[in-house]
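Only one structure is covered here, and it is reproduced in the block below.
Bear in mind these aren't lab numbers, they're just calculated from the coordinates by the rules spelled out. Source: prediction; values computed, not measured. Quick reminder, even Gly has a Cβ in these numbers, built from the backbone with ideal geometry, and neighbours come from all protein chains shown.
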Amino acid sequence: MTHPIITDLKTRYTTKKYDATKRVSADNLAVICQAMRLSPSSINSQPWKFIIIESDQAKQRMHDTFANKFQFNQPHIKTASHIILFAYNPKYSRADYATVIDADIASGRTPADNREQAFGAYAFVDLNTDASGNNAAWTKAQTYIALGNTMHTVARLGIDSTPMEGVDSELISELFANELDGYICEVALAIGYHETQTDYNVKLPKSRLSQEQIIQII
Ligand SMILES: Cc1cc2nc3c(=O)[nH]c(=O)nc-3n(C[C@H](O)[C@H](O)[C@H](O)COP(=O)(O)O)c2cc1C
């Protein structure tokens with residue numbers, strides 16, 4: 001099959017070694033920011049924060065979060081162009097949803113008179129919230145939609161990437177406490193350009209289960 005979408009998805013791969021001399025342009029970074037922002041989420045909740053690590057100082061801090069584990073991902077921090085932290089709000093609340101409704105009113109999507117009515121959709125959050133107000137499983141799931149969307153966007157731009165669940169969430173919470181403000185990061189995305197000589201993964205064939213094994217059209 002030849003289709004631009006399939007080409008994107010076949011050519012993207014998990015980069016294992018970055019060329020430290022290459023940087024993602026400001027124009028491309030602006031596209032990536034918009035793609036993240038435009039990602040869909042359940043009831044348009046947007047229970048996320050995306051922290052883009054660009055400066056040497058921030059990279060050093062991220063590098064330090066690998067002190068205890070997942071060191072196999074650590075080399076990407078200083079060699080990739082940027083690292084994006086995908087963080088979720090573990091206790092999404094009615095006050096958080098109010099900011100969404102107010103944005104809907106500002107954009108003209110929801111009439112101001114319907115503000116109270118618009119909270120009806122929040123019932124869906126209640127269904128996913130425990131007695132202590134925790135709805136982390138649900139909000140975390142939303143961040144993966146943004147992650148997938150971002151991975152495809154960077155592929156389209158010809159930028160390489162590495163999704164990383166191999167990150168130390170506790171140390172990230174400590175060292176990025178100011179930026180995260182209580183949100184939790186359990187997955188990050190390195191973006192940049194691969195090192196042509198030593199990235200073994202670029203040469204390996206794409207491998208997936210067959211369509212018959214995972215998809216039924218009924
Ligand atoms: C959510 C997620 C987390 C991942 N975590 C890591 C990781 O910590 N380190 C790593 O090298 N690869 C990681 N991967 C890469 C996967 O192993 C890879 O996507 C999979 O083997 C398919 O290969 P491909 O991405 O090259 O097509 C992760 C992928 C996803 C989607």
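Overview of values
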| read-out | value |
| --- | --- |
| Proxy reagent accessibility, fewest Cβ within 10 Å first, across His82, His152 | His152, His82 |
| Mean shadow area of segment 72-218, taken as a quarter of the surface of its Cα convex hull (nm²) | 13.7 nm² |
| Dipole magnitude of segment 1-138 about its Cα centre (Cβ charges: Lys, Arg +1; Asp, Glu -1), debye to nearest 20 | 740 debye |
| Options Ala98, Ser132, Gln211, ranked by Cα towards positive dipole end of the chain, top entry (Cβ charges) | Gln211 |
| For segment 1-122: lysine pairs under 19 Å (alpha-carbon distance), excluding those fewer than 8 apart on one chain | 13 |
| Distance (nanometres) between label positions extended 7 Å along Cα→Cβ at Thr11 and Thr99 | 3.7 nm |
| Kirkwood Rh, Cα atoms: Rg over Rh of segment 70-156 | 1.11 |
| FRET efficiency for Tyr200 and Ala106, using Cβ-Cβ distance with R0 set to 35 Å, rounded to 0.05 | 0.10 |
| Proportion of all alpha-carbon pairs of segment 1-145 beyond 19 Å (%) | 66 percent |
| MRE, 222 nm, helices only [DSSP H, n ≥ 4, -39500 (n - 2.57), over the chain, to nearest 500] | -11500 deg cm²/dmol |
| Length added when fully stretched, Gln216-Ala123, from 0.36 nm per residue minus Cα-Cα | 30.3 nm |
| Nearest-ten-degree value, helix 26-37 long axis tilted from longest Cα axis of the chain | 40 degrees |
| Residue range of the chain that is longest and free of trypsin sites (Lys or Arg not before Pro) which are both DSSP loop and sparsely packed (at most 12 other C-beta within 10 Å) | 1-108 |
| For segment 154-218, size of Cβ-based charge dipole, Lys and Arg +1, Asp and Glu -1, in debye | 600 debye |
